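Novice: This structure is in structure tokens; I'll ask about it shortly.
Read the figures in this text as sums done on the coordinates, not as results from a lab. The model shown is predicted, which means the values in this text are computed figures rather than measured ones. When we count neighbours, we look across all protein chains shown, and the Cβ atoms used for this are built from the backbone with ideal geometry, even at glycine.
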Amino acid sequence: MSVRLESFQYLPRGADGWTSRLLHFGSMFTTVQGPNGSGKTPILKGVMQGLGHEVELPPEILKRCESAQVTLQVDGRPVLLIRRLGPDFEITVVDGEQSETYTNEAMYAARLLALLNAEAPHLTTKQNQPSGLYANILLPALWVDQDHGWTTDYWTPINRNFIKDQRQEVIRFLLGLPARHPFRQRTDFDDAKESLERTEKTIEMQRFIVDRLQQNEKLTDNEEPRLIVRQAELRRELGANTGAIEAVRSATAFFDREIAALEARRNQSTTQHEILTQRRGQLNLILSELDGEEEILTANVQSTDLLRQFCASEGCQMFATSERSFGRSLLFLKDQIKDLKTYNRQLGKDVQSVEHELAAIESAISVKRDEREQAIAGSLQAEILGKLSAITKELVEVELRLAKVQQYQTEQKKFDRLLEKREQAVTAVSELRPGRGRSVGATEDARKMLSDSMQQWLTTLGTQNTQSAHFDENFVLYVDGAKFAATTYQSGSTRTRIVLAFHAALLDVSMALGGNHPGWLIFDAPKQHELSQTDFDAYAERLVLLATKYPQRIQVAFSAADLKTQFYAGDEKWVPGFTMDEKPRFLGPRGKDSEPAPPLVIP
């Protein structure tokens, strides 16, 4: 499953409100670049607000901006997150035709994790109460703010640090490991087993879909590029003959109009025929029931004659009343049946009339189509129509084949993701199994991988003042034998490298393990935290290699006052789009003197 950042925008509050340009995220790198004071930090904080995080925005933005909007691409479909700015939590999720507003942070967190295709963990608070994984607990592991983020590897305010071993639980979630302190362990084990069973069934269904597509369509590897090239060639050929196509359309327009009118009449007559046929069927059913009633009344009259022999006198009136009643009912019923049969015969004639009319219309349509073909054959463009027809036919075949290839690729990605999910489910069942102790194999493997990756990223960043880095059994980071914290001795430059290496290592190992990391890294990096150009280029190049290994899974956004790194096609640079007080700004009022500048795309 792929969840990508698509775009961001502030929307104004009222006529005098402020807005930003609609800012599109790059395929991998997005840079927020502008002079100090232009509003880079509020832009990145707005992105985090739109995702559901709680970050402090300047009072002026809260006053002048109504909402922060983030658009995601979830498996290719757009999902819009609209965060209303203000003291109360309110975020609306627009997914296709469905729109739902959340004012409860826990319910929104569950929706966000569903978009990320991740199982919501059942965590335990420091007061031993159940809790979910809130957005403002998860997102600090994907985001580094300029105020506190560069001081340690994971930072949240005290009032948001309420989960038992919160930092470790977030790391475990991103790596796809079971929670360290799951609430109500027995229930979580049962849930884990059910999740594994559901995943196994889904895998079998998905395997069937993938195999059927591959076998029925005889798909081959690397077929998509050839089909895309051929599709473009055929479209160019059709485009080159637009004049001939329009000429044929002009020559046949008269016939097309007449055929369309006849087809409309046919549709009306068909509808009328269906109504009459249905009505006649209902009438026949009524007549059948009335025939039964007639037989019953006739039998009653006959039985009265038989019963009269019980009377001693010749002028016996014992059954006179019932005899008159049955007689009148029988006569009335026969009259009804007679009238209904007359109406039924008329309906039959109407049905035949409509059927004759339909036959005549079909004949007229056939004649008009023949005349149309003759008109086409007699036109100046008739010679190339055969060629155009062949091109169109091949184009349809190519596009159908391309759609099947792309469908197969999509289903294969779903299958691969399900296999990763099954590995997580197997690990969860193993670690949560009651009465057998906690299996530490998968956790130990992940911890070792994270330690090795951390050391490698520190080397990539040219960190010269550290000799070693590792994570202990609680995923606490140790650098040169000392626990890494805001109060440890590392300098600003070294500390920045450690923070960057931590976030990259967490992303790296999560991807390798098929974990729950969405692939986003968002860094708000003021001037004092910028690295040398050589070190940052090495960091960026290694991120590119990681993204090549996991296509369409990794996006990195960061701010900088000045940056000379060479990026690639598809990456984006966000620059100020407004001028206020003769200074460039990312936000401003809509108006003649502050029109947004066109977006700059990195070549």
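Novice: Mean separation of Cα pairs under 8 Å and 6+ residues apart, divided by the residue count of the stretch 1-143: what relative contact order is that in percent?
Specialist: Details: 239 pairs, mean separation 30.2, N = 143.
Taking the mean separation of contacting Cα pairs over the length of the stretch 1-143, I get 21 percent.
Novice: Right, something else. How large is ³J(HN,Hα), in whole Hz, for each residue of the stretch 566-574 in order, when computed from phi with the Karplus curve 6.51 cos²θ - 1.76 cosθ + 1.60 and θ = phi - 60°, using x for Gly and Pro?
Specialist: After applying 6.51 cos²θ - 1.76 cosθ + 1.60, I find 8, 9, 10, 4, x, 7, 10, 10, 9 Hz.
Novice: Describe numerically, in nm with one decimal, the distance between label points set 7 Å from Cα along Cα→Cβ at ASP88 and at LEU419.
Specialist: 4.9 nm
Novice: Loop only per DSSP, at most 11 neighbouring Cβ atoms within 10 Å: give me the trypsin sites (Lys or Arg not before Pro) in the stretch 111-165, ordered by residue number. Walk me through the numbers before you get to the answer.
Specialist: On the way: sites: ARG111, LYS126, ARG160, LYS164; in loops: LYS126, LYS164.
Loop-located and lightly packed - none at all.
Novice: May I pose another question? Taking amide hydrogens as modeled 1.01 Å from N in the peptide plane, which residues meet the under 5 Å criterion relative to LYS164, leaving out close sequence neighbours?
Specialist: Correct list: THR124, THR125, LYS126.
Novice: Charges only on Cβ, +1 for Lys and Arg, -1 for Asp and Glu: so what's the dipole of the stretch 413-562 about the Cα centre, in debye to the nearest 20? Could you put the intermediate results ahead of the total?
Specialist: Working: 17 positive and 17 negative charges, 130 e Å.
Approximately 620 debye in magnitude.
Novice: Now, a different point. Taking the Cβ of SER27 as the center, what net charge do the other residues with Cβ under 9 Å away carry, scoring Lys and Arg +1 and Asp and Glu -1?
Specialist: Values: positive: ARG4; negative: ASP571, GLU572.
Every neighbour counted, the sum reads -1.
Novice: Identify the GluC sites (Glu not before Pro) of the stretch 50-86 meeting these criteria: DSSP loop state and at most 11 other C-beta atoms within 10 Å of the C-beta. Present the calculation step by step, with values, prior to reporting the outcome.
Specialist: Details: sites: GLU54, GLU56, GLU60, GLU66; in loops: GLU54, GLU56.
Answer by residue number: GLU56.
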